[in-house]
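Before any comments, here is the structure.
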Amino acid sequence: MKLASLKSGSAAGRDGRLVVVSNDLAWYVLADEVAPTLQAALDNWDRCEPMLRALAHSLETGGLPRTRFHEHEAASPLPRAFQWADGSAYVNHVALLRQAAGADLPDSFWTDPLMYQGGSDGFLGPRDPIPLADEAFGCDLEGEIAVITGDVPMGAGRDEALAAVRLVMLTNDVSLRNLMPGELAKGFGFFHSKPASAFSPVAVTPDGLGAAWSDGKLHGALEVAVNGQPLGEPDAGVDMTFDFGTLIAHAAKTRALGAGTIIGSGTVSNREPSGAPAKTLKAGGVGYACLAEVRTVETLTDGQATTPFLKYGDVVRIEMRDAKRHSLFGAIEQTVEPR
């Protein structure tokens, strides 16, 4: 089952208007009679899920009047959320960036997930521009996977936490790289360097992903491009040190998580089979899901980074397809604009 939140419509406020989307992303039906918003459906999931599935079935079989679905009309599935916590499940990504900075990687990073709490009071839509106040901030994209949970009790174990996953989606976790060192040096984490993130046009129930959702991971190539040029196609199910059950349990260690909590995977990042950093697509590798990794590999191999961070007018695109090359979540496609 695929769900989305439309920006417009008489009943749409800042939380959007919940719709059920067809598997091919071509059509939708309004879910007003079940729940006005996705958050409302998550708050009453046991009651709403069967009715949403009935709508999805009728949509697929032609049993209901339907309307064309246009991705540019969609907000992020949750236009705002009670909580957004982003992990760093691909430790290879952290190790690579720390290596370039000459910093050691503590052994605990392989057993205890990193996680920060991001701003969740307003997300960018999947086709909204990325507002950037200053190019000197070092704007970067980060292609990630995220899940939306139901209620998770404090102290939940991995299996209980994984069972709370309601929906899966893609993320562009925008980062301002040149602001990070100063913030991290204060010892209090990210704030200015983590502006609003964007999520894919639709969110999909785990069963709707078939074999691609397995062992708490989403398997498949995450296609990332900048200005129409492929940047990477790392497999989200490969080199993921901490699965989503582990990430959710980590977030719930000392607090309960409310329905509608979003947990991110961190930048999808693969290594070469030898353990070396991934190669570019042109060199026969899987490439990268962020510019920071490109710049890190350039620094390690050539002594300096030559790939620039995002500039005004640059367009980023993040998407995942199934075995038949059909888009699973729709595409995040954003242009960097002055703000």
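The values are calculated or read from the model by the stated rules, or taken from the named source; none is laboratory data. Given the structure is predicted, the values throughout are model-derived calculations rather than measurements. Cβ sites come from the backbone with ideal geometry, for glycine too, and all protein chains shown count toward neighbours. Note: accessible area is taken over every heavy atom of the protein model, side chains too, but ligands, DNA and RNA are not part of it. Shrake-Rupley method; radii C 1.70, N 1.55, O 1.52, S 1.80 Å.
Points to keep in mind about this one:
- On the stretch given as region 184-206, residues that are charged (D, E, K, R) and free of Cβ contacts under 8 Å to residues at least 40 places away in the same chain total 1.
- Considering region 2-53, the qualifying strands (runs of 3 or more DSSP E), each wholly inside and each with 1 or more residues that are more than 21 Å from the chain's Cα centre (by Cα) and modelled with pLDDT of 95 or more, run over 27-30.
- Number of positions in region 277-302 that are of a type in the set (A, V, I, L, M), buried (at least 19 other Cβ atoms within 10 Å of the Cβ) and in contact with an Asp or Glu (Cβ under 9 Å, 6 or more places away or on another chain): 5
- When residues in region 172-216 are screened for being in a helix (DSSP H, G or I), of a type in the set (A, V, I, L, M) and touching a helix residue (DSSP H, G or I) at 6+ places or on another chain (Cβ under 6 Å), 1 of them pass.
- Test: residue in region 59-73 that is surrounded by fewer than 17 Cβ atoms within 10 Å (Cβ to Cβ), closer than 17 Å to residue 208 by Cα and either touching a residue at least 24 places away in the same chain (Cβ under 8 Å) or in contact with a Gly (Cβ under 7 Å, 6 or more places away or on another chain) (or both): yes
- Test result for residue 144, open to solvent by less than 10 Å² (accessible area, probe 1.4 Å), farther than 22 Å from residue 14 by Cβ, acidic (Asp, Glu) and at pLDDT 95 or above: yes
Residues are listed down the side, and each one gets a yes or a no for (1) open to solvent by 60 Å² or more (accessible area, probe 1.4 Å); (2) at pLDDT 90 or above; (3) farther than 26 Å from residue 199 by Cα; (4) not polar (S, T, N, Q):
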{"site": "89", "(1), (2), (3), (4)": "no, yes, no, yes"}
{"site": "93", "(1), (2), (3), (4)": "no, no, no, yes"}
{"site": "98", "(1), (2), (3), (4)": "yes, no, yes, yes"}
{"site": "101", "(1), (2), (3), (4)": "yes, no, yes, yes"}
{"site": "105", "(1), (2), (3), (4)": "no, no, yes, yes"}
{"site": "119", "(1), (2), (3), (4)": "no, yes, no, yes"}
{"site": "124", "(1), (2), (3), (4)": "no, yes, no, yes"}
{"site": "127", "(1), (2), (3), (4)": "yes, yes, no, yes"}
{"site": "130", "(1), (2), (3), (4)": "no, yes, no, yes"}
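- Output for region 48-69, where each listed residue is within 13 Å of residue 27 (Cα to Cα) and in contact with a strand residue (DSSP E or B) (Cβ under 8 Å, 6 or more places away or on another chain): 55, 56, 58, 59, 64, 65, 66, 67, 68, 69
- In region 250-276, the residues that are over 21 Å from residue 219 (Cβ atoms), open to solvent by less than 50 Å² (accessible area, probe 1.4 Å) and not hydroxyl-bearing (Ser, Thr, Tyr): 251, 252, 257, 258, 259, 260, 276
- Test: residue 248 is of a type in the set (A, V, I, L, M) and within 14 Å of the chain's Cα centre (by Cα): no
- Condition met for residue 43 (surrounded by fewer than 15 Cβ atoms within 10 Å (Cβ to Cβ) and out of contact with any strand residue (DSSP E or B) (no Cβ under 7 Å at 6 or more places or on another chain)): no
- If the condition is being over 20 Å from the mean Cα position of the chain (by Cα) and of a type in the set (A, V, I, L, M, F, W, C), then region 98-125 contributes 100, 101, 103, 105, 109, 110.
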